[in-house]
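Working notes for the structure below.
The values are calculated or read from the model by the stated rules, or taken from the named source; none is laboratory data. Model, not experiment: these values are computed from the prediction. Neighbour counts run over all protein chains shown; Cβ positions are idealised from the backbone, glycine included. For accessibility, only protein heavy atoms count, side chains too; no ligands or nucleic acids. Shrake-Rupley method; radii C 1.70, N 1.55, O 1.52, S 1.80 Å.
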Amino acid sequence: MGRFESEILPTYMATSRWFAGKAREINRMKIKEILPIDVGSLSIMRILIIDVIYNEGLPETYLLPIAYGPRESIKTILDQHPQAVIAKVTLGTEEGILYDAIYDAKLQRDLLNMIAKRRRIKGVRGELIGAPRERLFSLIGSELGRIESHILKTEQNNTSIVFQDRLILKLYRRIEEGINPELEIGDMLTRRQFPNIPALVGDLQ
């Protein structure tokens with residue numbers, strides 16, 4: 001990956017609100033997984049899993065969805081979310097933008113589709129698996145492919161996607177091996193029909 005791993009990724013991630021390693025000295029970044037996303041269009045989208053190795057202390061692992069598009073075709077995304085721009089890219093005579101794809105409504109809907117349809121995406125070393133719970137279908141009905149979405153502006157360590165007033169999909173930016181405690185507790189409380197938290201209706205792992 002060359003310059004992308006050594007310059008472009010560190011520069012972008014260091015300015016992102018969800019990146020926890022701002023105060024640490026980065027030794028290098030290494031992409032260890034690439035998951036292809038098919039959004040049924042001309043867009044090129046991938047989910048990257050990136051190891052961040054520091055000069056001191058333990059490494060961290062982050063998840064970053066990326067996409068490429070000609071500048072004019074993604075003008076709305078750039079106007080509404082200028083922080084999404086990772087780098088300017090020239091392919092032949094075409095000037096395009098490499099950007100954080102989580103701000104793209106096509107990817108937002110596709111992530112929900114992956115959960116609802118139990119899709120699996122194979123990467124280089126592993127796979128991403130969607131798992132719905134029964135209540136998901138009563139919340140989205142027949143609107144799965146049309147439901148509107150947006151990013152919550154109060155983005156901190158994670159990024160949350162709101163689907164109308166029905167669902168919130170939390171994308172964990174910093175990821176670790178093993179069962180996510182929030183997912184595990186949410187699943188248990190949902191099965192026990194605990195009324196004081198939002199029900200867990202699906203996940204991606």
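Structure values in brief
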quantity	calculated
Cβ-Cβ under 6 Å pairs, at least 6 apart or on other chains, the stretch 177-205 side under 18 Å from GLY126 (Cβ atoms), far side among the acidic types (Asp, Glu) and surrounded by fewer than 16 Cβ atoms within 10 Å (Cβ to Cβ)	none
Any hit, the stretch 123-131, residues being in contact (Cβ under 8 Å) with a residue 40 or more places away in the chain, out of contact with any strand residue (DSSP E or B) (no Cβ under 8 Å at 6 or more places or on another chain), outside any strand (DSSP E or B) and within 28 Å of VAL52 (Cα to Cα)	no
Residue match in the stretch 138-147 (condition: open to solvent by less than 70 Å² (accessible area, probe 1.4 Å), within 20 Å of the chain's Cα centre (by Cα) and touching a residue at least 60 places away in the same chain (Cβ under 8 Å))	no
Enumeration of residues in the stretch 69-89 that are assigned to a strand (DSSP E or B), surrounded by 13 or more Cβ atoms within 10 Å (Cβ to Cβ) and more than 15 Å from the chain's Cα centre (by Cα)	GLY69, PRO70, ALA87, VAL89
Selected residue (only one of ILE179, ILE175, ILE197, ILE161 is open to solvent by less than 80 Å² (accessible area, probe 1.4 Å), modelled with pLDDT under 90 and not basic (Lys, Arg))	ILE197
Qualifying residues in the stretch 148-158 (those that are outside any strand (DSSP E or B) and within 30 Å of ILE31 (Cα to Cα)) - the one most open to solvent (accessible area, probe 1.4 Å)	LYS153
Subset of the stretch 71-123 [at pLDDT below 90, touching a Leu at 6+ places or on another chain (Cβ under 9 Å) and within 23 Å of ARG3 (Cβ to Cβ)]	ARG71, VAL89
Among residues of the stretch 41-68, those that are open to solvent by less than 90 Å² (accessible area, probe 1.4 Å), farther than 18 Å from LEU9 by Cα and without any contact (Cβ under 8 Å) to a residue 60 or more places away in the chain, counted	1
Qualifying residue in the stretch 7-22 (condition: over 14 Å from ILE102 (Cβ atoms), open to solvent by 70 Å² or more (accessible area, probe 1.4 Å), in contact with a strand residue (DSSP E or B) (Cβ under 6 Å, 6 or more places away or on another chain) and not in a strand (DSSP E or B))	no
In the stretch 182-194, the residues that are surrounded by 12 or more Cβ atoms within 10 Å (Cβ to Cβ) and either in contact with a strand residue (DSSP E or B) (Cβ under 6 Å, 6 or more places away or on another chain) or outside any loop (DSSP other than H, G, I, E, B) (or both)	GLU182, LEU183, GLU184, ILE185, GLY186, ASP187, LEU189, THR190
